[in-house]
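Read-outs: derived from the displayed coordinates by stated rules, not from any lab. Keep in mind that this is a model prediction, so the values were computed, not measured. Counting neighbours? That spans all protein chains shown, and the Cβs are built from the backbone with ideal geometry, glycine included.
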Amino acid sequence: TQYQIAVVVGSLRRESFNRKLATAVVKLAPPDFSFTQVRIDDLPLYNQDDDANQADPVKRLKSEIAGSSGVLFVTAEYNRSIPGVLKNAIDNASRPYGQSAWAGKPAGILGVSVGAVGTAVAQQHLRNTLAYLDMPTLGEPEAFIQATDGLFDKAGNIGEGSKAFLQGWMDKYVAWVKRHAG
Ligand code: FNR
């Protein structure tokens, strides 16, 4: 079986640490897993009036999520919660009522911030939302990562100091997806 993971990055910043983390960490996955970063920067602001006539980027996101074996969220923390762009993407793909793309998809959460909190608060908020969306979400290990100098090596791979920890995280995530993928 080949497992296809949709990666949702909760930052639109060009030099986003979270996007770099999302790009680097997937190299720690086994060959039967492939990962695609989905686009969320062109989604409209969610408006319930549009439920019967969703915009093309919303339909695209929903089909990418629906076609995936699981989802990997790699998110920044903004003001002690998840960035609005991420919540907007989640809301858009959760509707119309009863036609959520997220339901049942196994999920993992990673995040890096410049502060020592390592996106811990944002991740707890995200867990709340994913629970409501009926997404089985890997609980342990938690990964609260601070953007330090050695986090990535010169080639953009995970640096030596974090490699063993993130390899352990990826191994658990892979097993989690295999257990919960439909
Ligand atoms: C932040 N940052 C931040 N960091 C954190 O650890 N907790 C927080 O609550 C916040 N709040 C916050 C709000 C806003 C509006 C901005 C722009 C930034 C700092 C944040 O960790 C830093 O900008 C990271 O670089 C964001 O992740 P990306 O964009 O590098 O992936």
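Tabulated data
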quantity	calculated
Cα-Cα separations in segment 1-97 greater than 22 Å, expressed as whole percent	32
Lysine-lysine proximity count for the chain, Cα under 20 Å, sequence distance 8 or more or distinct chains	15
The chain, relative contact order [Cα under 8 Å, separation at least 6], %	24
Residue exposure sequence - Glu15, Glu142 - by fewest surrounding Cβ within 10 Å	Glu15, Glu142
P(r), alpha carbons of the chain - 5 Å bins starting at zero, rounded %	1, 8, 18, 22, 22, 16, 9, 3, 1, 0
Thr137 long-range amide H proximity, modeled H, under 5 Å	Ala107
Gyration tensor verdict on segment 97-136 (Cα atoms; rounded if a/c is under 1.5, prolate if a/b is larger than b/c, oblate otherwise)	prolate
Long-range amide H partners of Gly111 with built H, under 5 Å	Thr75, Ile145
Principal-axis tilt of helix 84-93 within the chain, Cα atoms, nearest 10 degrees	50
Footprinting exposure proxy for Glu77, Glu160 (fewest neighbouring C-beta atoms within 10 Å first)	Glu160, Glu77
Simple label model, 7 Å out from Cα along Cβ direction - Ala147 to Ala52, nm	4.4
